[in-house]
1. Could you derive backbone 3J(HN,Hα) for segment 32-42 from the dihedral phi with the Karplus parameters 6.51, -1.76 and 1.60 (θ = phi - 60°), listing whole Hz in sequence and x where the residue is Gly or Pro?
2. What ³J(HN,Hα) values, in whole Hz, does the Karplus curve 6.51 cos²θ - 1.76 cosθ + 1.60 give for segment 154-167 when θ = phi - 60°, with x put for Gly and Pro?
3. Could you pull out every residue, at least 5 positions away or on a different chain, whose amide H is within less than 5 Å of the one on ALA291? Hs are placed 1.01 Å off N in the peptide plane, and Pro or chain starts have none.
4. When all C-alpha to C-alpha distances in the chain are sorted into bins of 10 Å, what percent of pairs does each bin hold, rounded to whole numbers?
5. Would you please classify the overall shape of segment 326-411 from the alpha carbon gyration tensor, given that a ≥ b ≥ c denote the square roots of the eigenvalues, rounded means a/c under 1.5, and beyond that prolate means a/b larger than b/c while oblate covers the rest?
6. Please identify the longest segment of the chain free of exposed GluC sites (Glu not before Pro), where exposed means a DSSP state other than H, G, I, E or B and no more than 10 other Cβ atoms within 10 Å.
7. Within segment 377-407, list the trypsin sites (Lys or Arg not before Pro) lying in a DSSP loop whose Cβ has at most 12 other Cβ atoms in a 10 Å radius.
8. By DSSP, what percent of the beta bridges with both residues in the chain are antiparallel, rounded to the nearest 5?
Amino acid sequence: MKLLYYTFLLFPFILFAQNPDSNRSKKVVFIIVDGISYDQLQTASTPNIDRISKAGNLTEAYVGGIAEDYRKTPTISAVGYNSLLTGTWANKHNVYGNSIKKPNYSYPSIFRLYKDYNPKGTIGVFSSWLDNRTKLVGDGLDATDRIRVDYSYDGLEYDSINYPHDKYRNFMKLIDVHVAKEASKTILEKAPDISWVYLEYSDDIGHGYGDGPYFNAAVTFEDGLIGQIYDAVAQRQKNTNEDWLFVVTTDHGRSAKDGKHHGGQSARERSTWILTNKNNTNSYFKNETPAIVDIYPTITDFLEINVPKNIKRELDGVSLLKPISAVNLSAKIKKDTISVTWKALENQQEKAKIYISTTNLAATKGTDSYTYLGEVELAKESYKTAIKGIESNFYKVVLETKTTTLNYWINK
Ligand SMILES: [Zn+2]
């Protein structure tokens, strides 16, 4: 009896000893610094990005969707931000340009998803572009179920008294300074659960001067602000029991000719990069080229959010942290036979389940029902079966393993 009594007393301590991270609260900051291709990042002096990547990891990445098919996505700023925010390409989130005409909020932003998971959780948006909060995140809109951004600092571009617009874009440089400063301060004092910081100046200099010393200097300038925000995160990690995921990326690359433009599908316009403070990135991060849409599932993975199946089946990215079993799902239908292919990564002895749906209710906040087709060894990297009786001009194909969910559309 006495032994049992002591066992009960010790029980919580045993749990702590086994898992020291179990009581650490997790926080996320992601920064988008505008319009710096991977080669431009390597050309410029970036002492802060260098020190963060030394502790964590940096990889080349891409934006622009899949150039050859229905997922083709313009390499334009707001389009890129929304690909990160929703974890989907433009065929789903429906932002094709900077005017942000009609975002499809049926694909919940990482902020909406987080608030549904943790209604008391807090989120922050610190941005040199007001539309990011009001239109993309959709602060207070009915269509986003009136999501509330708890901490925000933006709209300075409309204050022409304190930030008079000049052709050298010095006002934007100043705005970035204040945005980074406010983000750092809020992280230090309030520690929102998920924060988005957006810095614009580098893109303005890219449009104005293209490749060269002015652009390199703008990248170095933004690197200094990234360092400030990182130091705020590092300070909280040191002084509290919090575990922070820190991610920095860019929304698009730049034109090959002179670096002045972007929007198209050239290799350099699609070429971006992802930096994180975590060194436990998966083999997909290390051996493949990740995409901007991979950041969303990386955040949900880090925060251990149990993402609802219907949302998981729409995400176009995979986590950069936990082992991922497959990528590059593709499918085609010939007569009554469907052929599905993918690239197997980890856990190849695992079985993959294949599902199909003929509806796309997810695009209007509905839930699709799927027919189970069968299962196959992941290592086979292909699956073929008859689908007689499932007539449609449109199909959604889903591949599911324990760790990974992929989807692909077939438009006949
Ligand atoms: Zn941009």
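Read-outs: derived from the displayed coordinates by stated rules, not from any lab. This structure is a prediction, so every number in the text was calculated from the model and none was measured. Cβ sites come from the backbone with ideal geometry, for glycine too, and all protein chains shown count toward neighbours.
1. My calculation for segment 32-42 gives 10, 10, 7, x, 10, 6, 4, 5, 5, 5, 6 Hz in order.
2. 6, x, 5, 5, 8, 9, 7, 7, 7, 10, x, 5, 10, 5
3. TYR62
4. Going out from 0 Å in 10 Å bins, the chain shows 5, 21, 31, 24, 13, 5, 1, 0, 0 percent.
5. On the way: a/c = 2.06, a/b = 1.38, b/c = 1.50.
Judged from the Cα gyration tensor, segment 326-411 comes out oblate (a/c at least 1.5, b/c at or above a/b).
6. On the way: sites that count: GLU68, GLU304, GLU391.
With GluC sites (Glu not before Pro) excluded where exposed in loops, the chain gives 69-303 as its longest stretch.
7. On the way: sites: LYS380, LYS384, LYS388, LYS396, LYS402; in loops: LYS388, LYS402.
Answer by residue number: LYS388, LYS402.
8. 65 percent
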